[in-house]
1. If we scan the stretch 50-64, do we find a residue that is closer than 24 Å to Ala134 by Cβ and either aromatic (Phe, Trp, Tyr) or modelled with pLDDT of 90 or more (or both)?
2. With Ala132, Ala76, Ala65 as the choices, which residue is farther than 21 Å from Phe32 by Cβ and open to solvent by less than 50 Å² (accessible area, probe 1.4 Å)?
3. Anything in the stretch 117-150 that is touching a residue at least 40 places away in the same chain (Cβ under 8 Å) and over 18 Å from Gly8 (Cα atoms)? List them, or say none.
4. Could you please tell me which pairs satisfy a Cβ distance under 6 Å, a separation of 6+ or placement on different chains, a first residue in the stretch 68-97 that is within 22 Å of Ile139 (Cα to Cα), and a second residue that is modelled with pLDDT under 95 and among the β-branched types (Val, Ile, Thr)?
5. I'd like to check something: does the stretch 28-41 contain any residue that is under 19 Å from the mean Cα position of the chain (by Cα), modelled with pLDDT under 85, within 30 Å of Glu121 (Cβ to Cβ) and open to solvent by less than 70 Å² (accessible area, probe 1.4 Å)?
6. Can you name the residue in the stretch 1-27 that is among the polar types (S, T, N, Q) and at pLDDT below 90 and is also most open to solvent (accessible area, probe 1.4 Å) among such residues?
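The values are calculated or read from the model by the stated rules, or taken from the named source; none is laboratory data. Keep in mind the model is a prediction, meaning the values are calculated, not measured. Here the Cβ positions follow ideal geometry from the backbone for every residue, glycine too, while neighbour counts run over all protein chains shown. The area values use the complete protein model at the heavy-atom level, side chains included, leaving out ligands, DNA and RNA. Shrake-Rupley method; radii C 1.70, N 1.55, O 1.52, S 1.80 Å.
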Amino acid sequence: MAKISFYGSWIDLKSLNEEDRRNYKISMFFFFLGALCWGIHLSGTDLGFLAAENINNTSLSYTLARFAVIIFWFVAIIFYLKFYRNQDELLKRWHDYVLSWGAISFVSLGMIISLFSPYLEFSPSFYEYFLAFAVGTIIGGFRFHKIYLS
């Protein structure tokens, strides 16, 4: 079973059996490939401070990159679920705890961002809300470590 390390931030791969390690590594590999394709997609969009000028973001290369994101992340999810099903109750609790804190931050910090955005002349997009989710998962990992592991 997986050992949760670095103050609840990640799992120790050395603590996994061979099949679980394989499934986890394949999942993260396909997630990374999808993230690279996601970066290609973002290079053709307007993010405010990175305006995509004179770019045909409906070209074949961007379309293929967007399909690759879907395919790679679908494969990553399949292998992650194979990994997740074999884990003990502690890792499943950690997983749910961290994701719950991410969701709480997505809603609460996202609400604060959206309420103050008209006064700051700022138009929040998905990426600011996702950043709020990421902050929440980090907080959730630290809280899980403090409550259950230390």
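1. No, because not a single residue in the stretch 50-64 is closer than 24 Å to Ala134 by Cβ and either aromatic (Phe, Trp, Tyr) or modelled with pLDDT of 90 or more (or both).
2. Ala132
3. Ser123, Ser125, Tyr127 - these are the residues of the stretch 117-150 that are touching a residue at least 40 places away in the same chain (Cβ under 8 Å) and over 18 Å from Gly8 (Cα atoms).
4. Trp94/Ile4
5. Yes, the stretch 28-41 contains at least one residue that is under 19 Å from the mean Cα position of the chain (by Cα), modelled with pLDDT under 85, within 30 Å of Glu121 (Cβ to Cβ) and open to solvent by less than 70 Å² (accessible area, probe 1.4 Å).
6. Ranking the candidates gives Ser9 first.
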